[in-house]
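The values are calculated or read from the model by the stated rules, or taken from the named source; none is laboratory data. Note that this is a predicted model, so its numbers are computed, not measured. Neighbour counts run over all protein chains shown; Cβ positions are idealised from the backbone, glycine included.
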């Protein structure tokens, strides 16, 4: 490469580096003119972009440890690596960037400060409360007005005294009453099934309140479901009882066989003992050999041992039969206990549903009949909302500002929205106030008259 080409390449790199630094430094301008005048405060989140042009290496060095997002603390300071805490509250993003660059130059021993760009990525919040649907804390955005803040908070909390609210109450009340009715039907069918199980009935005797609702699919379905449950539970219990009965029959047959075996053992013992008596007599007279006697004694001992084992098996079989009887009784008792507990819970739920249904009927009647009559007598014009902005000051105080829908808000502002009373409501409140104030006056007047009389 020639010297001319090398010089051109160097100029190109220098131009590119300068352009890069200028783009980084101009990042706060993305927020418009307001960002240039914006003063930082607690809860602001900023993004730092720090680069340094190193001419000796002909390259742009990125401070990756500091190129991140940071939040201004409650005390107005920003805590940064290599820098420590630096005051950010009350400074513009540009001024903060200059201060960070100077501190880096001082702490890191640089010849000149690096280029620092500070961009506000999330402004500190503003607050809305009062007669709005969703009061609370919201993230600020540049150019925010009172009307925009109202829309963010969900709009005004309109007076819930119109026909719209009544219509919603009627629909909701009818829905609640329908759900309660459905729950009552299901509980009534369940109670009938539980009573049939408790009384060991062959089928469920449903009450007339259900059987007469032949056109009600909910009642028909509830009764059919309970019939299926009743049959399944009955079959399940019968299966358990039948299994235990089969086991008991098997054990009884085994016991009978063992008892017959004992009888045979007794017969064998009797025969061997008789033979042994004869052989012993012959041995004592020297007419036969002694081993014959010993063989019979061993045979007798073996038969008696086998009989003892069979007798033990008899006892074990009788024990298993008793255990099968106890298991069958436990199955029946457990079934009855479970049914009784469920029946008690079902009755309690039915009582609760009944009370709720009575309340729902009364509330539905009020929504459909009573309240519309009162509404027709007290309908008035809606009043316009009153806006007030509470703005914190640098000295720690707060200033209240009367606002309109076009008033611009600032971060940390609190927007108060109030809907004043209508004319009819004010008149009613005045009447109530006058009535309450007249009572002490009349009491005082009566006391004075009584004193004068005395």
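So residue 90 passes all but one of these: (1) surrounded by 15 or more Cβ atoms within 10 Å (Cβ to Cβ); (2) in a loop (DSSP other than H, G, I, E, B). Which condition number does it fail?
(1)
Are any residues in segment 245-261 touching a residue at least 24 places away in the same chain (Cβ under 8 Å) and surrounded by fewer than 17 Cβ atoms within 10 Å (Cβ to Cβ), and if so, which ones?
245, 247, 252, 254, 259
Out of contact with any strand residue (DSSP E or B) (no Cβ under 9 Å at 6 or more places or on another chain), surrounded by 15 or more Cβ atoms within 10 Å (Cβ to Cβ) and on the phi < 0 side of the Ramachandran plot: which single residue out of 194, 282, 287, 264 fits that description?
194
Here are 241, 229, 204: which of them is touching a residue at least 40 places away in the same chain (Cβ under 8 Å), in contact with a helix residue (DSSP H, G or I) (Cβ under 7 Å, 6 or more places away or on another chain) and either within 18 Å of residue 338 (Cβ to Cβ) or not assigned by the TED database to the domain that holds residue 336 (or both)? Don't jump to the end; show me each part of the working.
Values: 229 fails: touching a residue at least 40 places away in the same chain (Cβ under 8 Å); 204 fails: touching a residue at least 40 places away in the same chain (Cβ under 8 Å).
Unique residue meeting the criteria: 241.
Out of segment 383-404, which residues are part of a loop (DSSP other than H, G, I, E, B), in contact with a strand residue (DSSP E or B) (Cβ under 9 Å, 6 or more places away or on another chain) and modelled with pLDDT under 90?
385, 393
Every residue in segment 52-85 that is in a strand (DSSP E or B) and in contact with a helix residue (DSSP H, G or I) (Cβ under 6 Å, 6 or more places away or on another chain), please.
Matches in segment 52-85: 53, 60.
If I ask for residues that are surrounded by fewer than 17 Cβ atoms within 10 Å (Cβ to Cβ), part of a strand (DSSP E or B) and modelled with pLDDT of 90 or more, which ones from segment 128-161 would you list?
Passing the criteria: 136, 137, 138, 145.
On the given criteria, is residue 95 within 19 Å of residue 42 (Cβ to Cβ) and surrounded by fewer than 17 Cβ atoms within 10 Å (Cβ to Cβ)?
Numbers: within 19 Å of residue 42 (Cβ to Cβ): yes; surrounded by fewer than 17 Cβ atoms within 10 Å (Cβ to Cβ): yes.
Taking the combined requirement at face value, the residue satisfies it.
Got at least one residue in segment 34-50 being more than 22 Å from residue 142 (Cα to Cα) and at pLDDT below 85? Steps first, answer last, please.
Just the residues of segment 34-50 that are more than 22 Å from residue 142 (Cα to Cα), to begin with: 50.
From the residues that got through so far, the ones that are at pLDDT below 85 too are none.
No, every residue in segment 34-50 fails to be more than 22 Å from residue 142 (Cα to Cα) and at pLDDT below 85.
Quick one: which of 189, 167 is assigned to a helix (DSSP H, G or I) and either at positive phi or modelled with pLDDT of 85 or more (or both)?
Exactly one of 189, 167 is assigned to a helix (DSSP H, G or I) and either at positive phi or modelled with pLDDT of 85 or more (or both), namely 189.
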